[in-house]
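**Q** First, the structure itself, so that you have it in front of you.
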Amino acid sequence: MPDFPKLTNDERARYEWQMWADGFGEEGQRKLKASSALVSRVGGVGGTVAYYLAAAGIGKLVLAHAGNIKPSDLNRQLLMTTAGLGTSRSESAERRLGDLNPGVEVEAVAENIDEDNAAELVGRVDVVVDAAPLFEERFLLNREAVRQGKPLVESAMYDFDAQLTTVIPGTTPCLACLYPEHPPHWKREFPVLGAVSGAVASLAAVEVVKLITGIGEPLAGKLLTINMRTMEFRKLSILRRDDCPVCGHVSPTP
């Protein structure tokens with residue numbers, strides 16, 4: 001077996017049931033333990049992604065989210081608490097994940113993704129999860145993930161709709177292929193049902209686990225769209241744009 005960190009007896013007991021999954025086993029668990037992910041941000045989608053990755057035993061999580069907990073966060077942000085109203089979101093997320101799995105290293109950064117920190121934060125990890133509400137942040141994460149050759153799980157929701165894709169730099173379309181410009185009329189605040197956030201977040205966490213362990217087929221070159229009013233799931237093929245200013249010149253990572 002490759003030189004991944006060994007599991008302790010406590011870890012074998014904790015992860016026993018998921019190691020029963022076909023093709024997963026101890027090697028898959030050791031790959032998770034050796035890996036790291038950046039999650040931006042840790043709200044309804046990102047917080048749930050982080051929660052399930054911590055439960056699964058990823059080695060390190062870097063969480064980027066500024067600001068303090070507000071009452072309106074609590075219908076969906078499972079890493080926040082009523083008792084924590086008015087306190088730091090990132091500190092609450094770090095504490096809650098530590099309570100769930102103290103074996104996971106959690107680095108909470110009380111900042112949102114911007115021009116000053118995007119490259120450095122992406123550079124710390126193996127996989128990037130984009131759950132930011134603003135396209136400015138999404139475009140920055142996409143640019144840096146492509147530039148640094150890091151896979152990016154792109155997850156989003158609005159109302160009862162959700163979508164998910166995985167960007168493999170040099171191989172698949174990137175976010176800028178799908179959205180060459182900032183979508184018009186996009187608002188910072190929009191309708192959110194927590195269960196919709198959690199549903200797409202769970203799928204995004206599965207994508208991260210698949211990327212790390214090599215199990216299954218990630219949504220590479222595919223866009224999964226979900227209408228949860230009708231429970232209609234569609235998987236669409238998407239194509240790279242040769243003229244994409246972000247990824248058009250990028251070759252597959254060896």
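Just so it is clear, none of the values below were taken in a lab; they were calculated from the coordinates. Source: prediction; values computed, not measured. Using ideal geometry, Cβ is built from the backbone for each residue, glycine included, and neighbour counts are taken over all protein chains shown.
**Q** If the label point is 7 Å along Cα→Cβ of Ala110, which residues in the range 39-81 have backbone nitrogen under 12 Å from it?
**A** It comes to 65-69, nothing else.
**Q** Same structure again: Scan the range 1-107 for trypsin sites (Lys or Arg not before Pro) in coil per DSSP, keeping those whose Cβ has at most 12 other Cβ atoms within 10 Å, and list them by number.
**A** Numbers: sites: Lys6, Arg12, Arg14, Arg30, Lys31, Lys33, Arg41, Lys60, Arg76, Arg89, Arg95, Arg96; in loops: Lys6, Arg41, Arg76.
Passing both the DSSP loop test and the Cβ count: Lys6.
**Q** Report the calculated FRET efficiency for Lys6 and Tyr158 (r = Cβ-Cβ distance, R0 = 41 Å), to the nearest 0.05.
**A** Values: r = 43 Å, r/R0 = 1.06.
Computed FRET efficiency for Lys6 and Tyr158: 0.40.
**Q** Where the Cα atoms of the chain are projected onto their three principal axes, how long is each span, largest first, in whole Å?
**A** The Cα atoms of the chain stretch 51, 46, 41 Å along their principal axes.
**Q** May I pose another question? Looking at the square roots a ≥ b ≥ c of the eigenvalues of the Cα gyration tensor of the range 129-254, which shape do they give, rounded for a/c under 1.5, prolate if a/b is larger than b/c, or oblate?
**A** oblate
**Q** How much FRET efficiency would the formula 1/(1 + (r/R0)^6) give for Asp243 and Phe190, where r is the Cβ-Cβ distance and R0 is 30 Å, rounded to 0.05?
**A** Details: r = 30 Å, r/R0 = 1.01.
Calculated transfer efficiency: 0.50.
**Q** While we're looking at this one, here's another question. Determine, from the Cβ-Cβ distance of Asn75 and Ala119 and an R0 of 30 Å, the FRET efficiency 1/(1 + (r/R0)^6), rounded to the nearest 0.05.
**A** Numbers: r = 34 Å, r/R0 = 1.12.
Given R0 = 30 Å and the Cβ-Cβ separation, E is 0.35.
**Q** Hand me the chymotrypsin sites (Phe, Trp or Tyr not before Pro) from the range 126-188 located in a DSSP loop with no more than 14 other Cβ atoms within 10 Å, in residue order please.
**A** The qualifying sites are Trp186.
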